[in-house]
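As structure tokens, the structure follows; a few thoughts come after it.
The values are calculated or read from the model by the stated rules, or taken from the named source; none is laboratory data. Model, not experiment: these values are computed from the prediction. Note that we place each Cβ from the backbone using ideal geometry, even for glycine, and neighbour counts take in every protein chain shown. Remember, those area values only see protein heavy atoms, side chains included, never the ligands or the DNA or RNA. Shrake-Rupley method; radii C 1.70, N 1.55, O 1.52, S 1.80 Å.
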Amino acid sequence: MSELSITTTQNVNINFKAASVGERLVAQLVDLLVKIAYLIVVYFIFFYWIGLNDYMKDADQWSVMAVIMLFGLPVIFYSLVQESLWEGQTFGKKLTKIKVIKLDGYQAGFGDYLIRWLFRLIEISIGNGIVGLIAMVVSSKNQRLGDMAAGTAVISLKNDISINHTILQEVNDDYVPTYPLVIKLSDNDARIIKETFEAAVKNKDYKLVFKLREKIESVTGIKNQSGNDTDFIRTVLKDYNYYTRNM
């Protein structure tokens, strides 16, 4: 498994493990099974139970194609929609604990996911995905053509990365980070957040915790997914510790 070493604009070294070809294939297989399950459910409900087949017998060819396309849209846009909503993950990627990020270490955006999706269509149409597989095998960063075009890579979130950064909260071996955008913070930012947070909790100054959470969100672009303000800040500190290491 290759390692991606990234130096952010804050001169923080971040080391990611690129997701292996095997992990990516397993994720794609899981996603394929999800799509197949969806099609089976759609067929059973609309064509078998409701009897849409009977209505389509007298329909013209364009109407039939329109119906098929309508039900097929979730399959066609599956990866684009899920990666956009789940910050670089599909159901298969979540299960295998891998994720799409930019090569500069920042969170990929919709435009990046769109490029990857468009190239996926090309890769599938040419050689049934063999082109993309070959690209991943020969690429030092395990990138397929869509990743190369979008400037992205797929990383493993499994915590087998060496972490030497001890100024923040410790993380367990099985810890999975939530907010990749924490790398927008500098070491000094992280220290200030930790010191302010610990002082606020000690003094039960939850108004300060609230303001600190708002400030973190405005600076990094992170949206709180961790519950209350206290849990959110603790998660941010752990994620920062996970992604960074001493210079």
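In this model, which of K17/K204; K17/K215; K97/K194; K93/K207; K102/K207 are farther than 32 Å apart at the alpha-carbon? Mind showing how you got there, number by number?
Values: K17/K204 39 Å; K17/K215 30 Å; K97/K194 28 Å; K93/K207 37 Å; K102/K207 35 Å.
Violating the 32 Å limit, Cα to Cα: K17/K204; K93/K207; K102/K207.
How far, in nm, would the chain grow between F77 and Y38 when pulled straight, counting 0.36 nm per residue and subtracting the alpha carbon separation?
On the way: separation 39, 0.36 × 39 = 14.04 nm, distance 1.31 nm.
Taking 0.36 nm per residue and subtracting the Cα distance, the gain is 12.7 nm.
Given N residues in region 57-111, what is its alpha carbon radius of gyration divided by 2.2 N^0.38 Å? Walk me through the intermediate numbers first.
Details: Rg = 16.6 Å, N = 55, 2.2 N^0.38 = 10.1 Å.
Against the empirical 2.2 N^0.38 Å value, I get 1.64 for region 57-111.
For region 84-124, what does the equivalent ellipsoid look like in terms of its semi-axes, each the square root of 5 times an eigenvalue of the Cα gyration tensor, given largest first in whole Å? Mind dumping the intermediate values first?
Numbers: eigenvalues 54, 41, 16 Å².
Here the semi-axes work out to 16, 14, 9 Å.
For region 32-156, what mean projected area does the convex hull of the alpha carbons give, in nm²?
On the way: hull surface 36.2 nm².
About 9.0 nm², averaged over all directions.
Sorting check: for 110-120, 26-36, 178-188, which peptide has the highest mean count of neighbouring beta carbons within 10 Å, and how do the rest follow? Before the final figure, lay out the partial values.
On the way: 110-120: 17.7, 26-36: 16.1, 178-188: 20.5.
Descending packing order for the listed peptides: 178-188, 110-120, 26-36.
Would you please give the FRET efficiency between I126 and E217, computed as 1/(1 + (r/R0)^6) with r the Cβ-Cβ distance and R0 = 25 Å, to the nearest 0.05?
Values: r = 42 Å, r/R0 = 1.70.
About 0.05, to the nearest 0.05.
Under a crude label model (7 Å from the Cα following the beta-carbon direction), how far is L85 from V201 in nanometres?
3.3 nm
Accessible area, 1.4 Å probe, largest first: how do L103, L237 sort?
Values: L103 55, L237 5 Å².
So the residues, ranked largest to smallest area, are L103, L237.
Ignoring ligands, DNA and RNA, how do M69, M136 rank by accessible area with a 1.4 Å probe, largest first?
M69, M136
How large is the convex hull of the C-alpha atoms of region 16-83 per residue, in Å³?
Values: hull volume 6.5 nm³, N = 68.
Dividing the Cα hull volume of region 16-83 by its residues yields 96 Å³.
Pull out the extension gain between I134 and R191, defined as 0.36 nm times the separation in residues minus the alpha carbon to alpha carbon distance; nm, one decimal.
Values: separation 57, 0.36 × 57 = 20.52 nm, distance 4.39 nm.
Once the chain is fully extended between I134 and R191, it gains 16.1 nm.
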